[in-house]
C-alpha cells in the first residue's frame, strides 16, 4: 500500500513472534522466516548480480549470518530492514571477492500471454532491450529501484537498507526510472518508425 | 501545473488517491504525462518479469540443514550504558583538550614554521593550472545546471546582486545587497513551495538562512558601533516585511517543514539582532570549495558571503578570481540559452564583477609601494584574471550571434582600462538620493538630463540618465521632455547607484532634505 509519498507495508502479525522465537534458537520459527523472505532476497540479489547461482549462494550466506546474529537484533520490528542490510553486505563482499561486476547479463524470459511469432519476437526484443537498460544502471540506483519496484518497500526502509538518507533513496529510484525510460523510449521510437 | 512537476510524482511514487489534486488533474488532461505513466508501468512490469526465477527448493533445504549445525551468537546485554558522573565527564573533556593543546604546541615547536603565504600558494596553484586549460570541458561534469525558469531567474538575480556587492563601499549598502539576495532566495523558495516538492527547495531555504546568518548578521557585527542601532532597525523592518509575506500553509508535510524552516531562519535572525557579540565571520576552507561541484547559485552566495566579510583588497581580488573562474562555465551555458532571462545584462554584470571585484581592489592594493610578497601575489591574481578574460574572448570568437552580445558587454566591462563609470565612491556613490538643481539641458536622443547643483556653496554640473519608467510617467502626464525649460528648479530622485533619475518634481528643494531622506 502506498499513502502519499510513504508506503505502509502490511506484514504478517506472526512475523514478530517468529523473530523472537528464532532469536531464542527456535529453528522451526527461523524456517518460517526463511520461507517468507527467501524469494524476496534471492530475487533482489538476482537483480543485482544477474547470476542465479551467485544470487542463491549470497542468499544462503545472508540467512546463515542472520541466524547466527539474530540474538543480537534488538528491535524485532526492524527484522526485514536488518535482513536486507545483511544481504547487501554479503553482495558487496561477494562482488569484491569475485573482483568483477556483473559480467553475465540477466536472462530474459518471453511472457506467456503473448500469442503469435511476431508478438513473441517483439516481446522478446523489448525484454532484451530492458535487460540492457537495467545493466546500464549504476548498481546503487539498481539496488534502490529493485527494492522499490519488486519489494515495494517504503523509502524509509530503502534508505535504512542502503545506508543513505530517505531523500537520496528517492532520488536514486527517480534517476533509475528516468534512465530506463530514456533508454526504452528511444527503442520504442525506433520500433514504431 | 506543468509536466515537470507532475513527472516528479510519476518518477518517485506510485499513483494513488493521496496524490495532490492538481497533479491528478494534470495527469487526466495531459497526454504526454499519461504516455509516460504508461511507459513507467510497462517498464516496472518488465523488470518484475525479468528478475523472476523458477522456484528452487534445493538451496533452501541445504540452508536449513546447515542451520542445525551452526550455533547462534550470544545475545547482547541490553543494559543501558552507564553514564559516568558529570564531574568525571567534564574532567575527561578538559584533560583531552589539554592533551590536544599540549600535543599541538609540541608539534609546533618541533616542526619548522612555514610562511603563511607560501602555504596558501601551494594549495592554490594546482586547481588554477587545471582550470586554465579547458574551463568548460573540465567543469561541465561538475556543473549543476539550473533547470527551471525560476532557477535561472534566481541565478540571474544573484549575478546582478553580486555585481552590485563588489561595488559597495559601506556596510549599509552591503547589508542591503545581502538582504536583497536573501529575499531573492526566499521568493524562489516560496515559488518552489507553491509549485510542489522540488529537489532544490531545502538548498534554497538553507541559502536563505545562510545569507541572513553569515551575511547580514556578520556585516551588522562588523559595522561601526555608532551606525549599528540604525542598521538594526532597518534590518528588523525588512525582516518583518519578509516574514509577513510568507507562503500559505500547505498540507504536504515536506513542504510544510521547509516553510517552517524558512520562518525559523527569519525569526532566529531577528532574535540575534540584539545579541551580536557572538557573531563571527564563518571560517571557510577554500581548498574544499575549489574541488567540490557546486550549484551556480550556491557559488554566487558563497562568493557574496566571503567577499563581503573580507577586508584585505588582495584577498578580495583573489576570492573574486576564484569564483569568476568557477562561474564562467555556468555563465557561458547561461548566455548560450536563448530562453535565459536578462541575458544581455548578465554579461555586463559579470564583467562588472571582474572589474570591481578583481582589478579595482588590486589597483587599491598596489597604489602605494606594496611589500614584495603582496606584489607577487597581486601579479599572480592579475594574470589569472587576465587568463579568464582571454578565455571569454576566445569563446566570444566561436559564440553564436545570440550569446555574443552579452559576452561583448562582459569582455568590454572587464577591461581594467574600461572607460565605464568608476565604482561609486564615498563621495560620489553615497551622495543624496534626492537632489535639487537648476535644469541646464535635456538630451532626448540619449535620454539624459543635465542640472546645475550647489555643493558646499560651489556650483557643479551633473548629468544623469533617465529611466524608461520616468519617460513613460512624463508622457502620461502630458508632460514631455520638451516641456522642461532651461532654468527650471527641479528635484531629482536618483536610483540606488546615483546614476539614473527615477523621479522628477518641479519646485524648490534642498540637498539637505535629500540627504535626510536618504538616511
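Any read-out appearing in this document is the output of simple, stated calculations on the displayed coordinates, not a laboratory observation. What you see is a predicted model; the values in this text were computed from it and never measured. A quick note on method: Cβ atoms are made from the backbone with ideal geometry, for glycine too, and the neighbour counts reach across all protein chains shown.
Between residue B:18 and residue B:42, what length in nm is gained on full extension when 0.36 nm per residue of separation is reduced by their alpha carbon distance? Kindly include the intermediate steps, with their values, before the conclusion.
Values: separation 24, 0.36 × 24 = 8.64 nm, distance 2.24 nm.
Extra length available between residue B:18 and residue B:42 comes to 6.4 nm.
How would you rank B:88-98, B:211-221, B:351-361, B:380-390, highest first, on the average number of other Cβ atoms within 10 Å across their residues?
My ranking of the peptides, most packed first, is B:351-361, B:211-221, B:380-390, B:88-98.
What does the average come to when, for each residue of peptide A:172-178, you count the partner chain Cβ atoms lying within 10 Å of its Cβ?
On the way: counts 0, 3, 7, 1, 3, 9, 3.
The shielding value for this peptide is 4.
Which whole number gives the average count of other chain Cβ atoms within 10 Å of the Cβ atoms across peptide B:176-188?
What the average comes to for B:176-188 is 0.
So if we plug the beta-carbon distance of residue B:228 and residue B:312 into 1/(1 + (r/R0)^6) with R0 = 25 Å, what FRET efficiency do we get, rounded to 0.05? Don't skip to the answer; put the middle values down first.
Values: r = 23 Å, r/R0 = 0.92.
Efficiency computed from Cβ-Cβ geometry: 0.60.
Where does each of A:137, B:10 land when they are ranked from fewest to most other beta-carbon atoms within 10 angstrom?
Fewest-to-most Cβ neighbours within 10 Å comes out as A:137, B:10.
What is the order of B:19, A:38, A:44, fewest Cβ neighbours within 10 Å to most?
B:19, A:38, A:44
Counting other beta carbons within 10 Å of each Cβ, put A:189, A:53 in order, fewest first.
Final ranking by Cβ density, sparse to dense: A:189, A:53.
Once you place label points 7 Å from the Cα toward the Cβ at residue B:74 and residue B:274, how far apart are they in nm?
5.9
Modelled label-to-label distance, residue B:387 and residue B:85, 7 Å Cα→beta-carbon offset: nm?
If labels sit at residue B:387 and residue B:85, their model points lie 6.3 nm apart.
Go ahead and run the numbers for FRET between residue B:505 and residue A:167, Cβ-Cβ distance against an R0 of 51 Å, rounding to 0.05.
In this case the efficiency is close to 0.40.
Just grab the label-to-label distance for residue A:39 and residue A:68, each label 7 Å out from Cα along the Cβ direction, in nm (one decimal).
The two pseudo-label positions are separated by 2.9 nm.
Per-residue mean of other chain beta-carbon atoms within 10 angstrom of the beta-carbon, peptide A:141-151?
2
Taking the alpha-carbon centroid of each part, what is the distance from the range A:44-71 to the range A:121-193 in angstrom?
Result: 21 Å between the Cα centres.
How do B:35-41, B:322-328 rank on mean C-beta neighbours within 10 Å, highest first?
Per-residue Cβ counts within 10 Å, averaged per peptide and sorted highest first, yield B:322-328, B:35-41.
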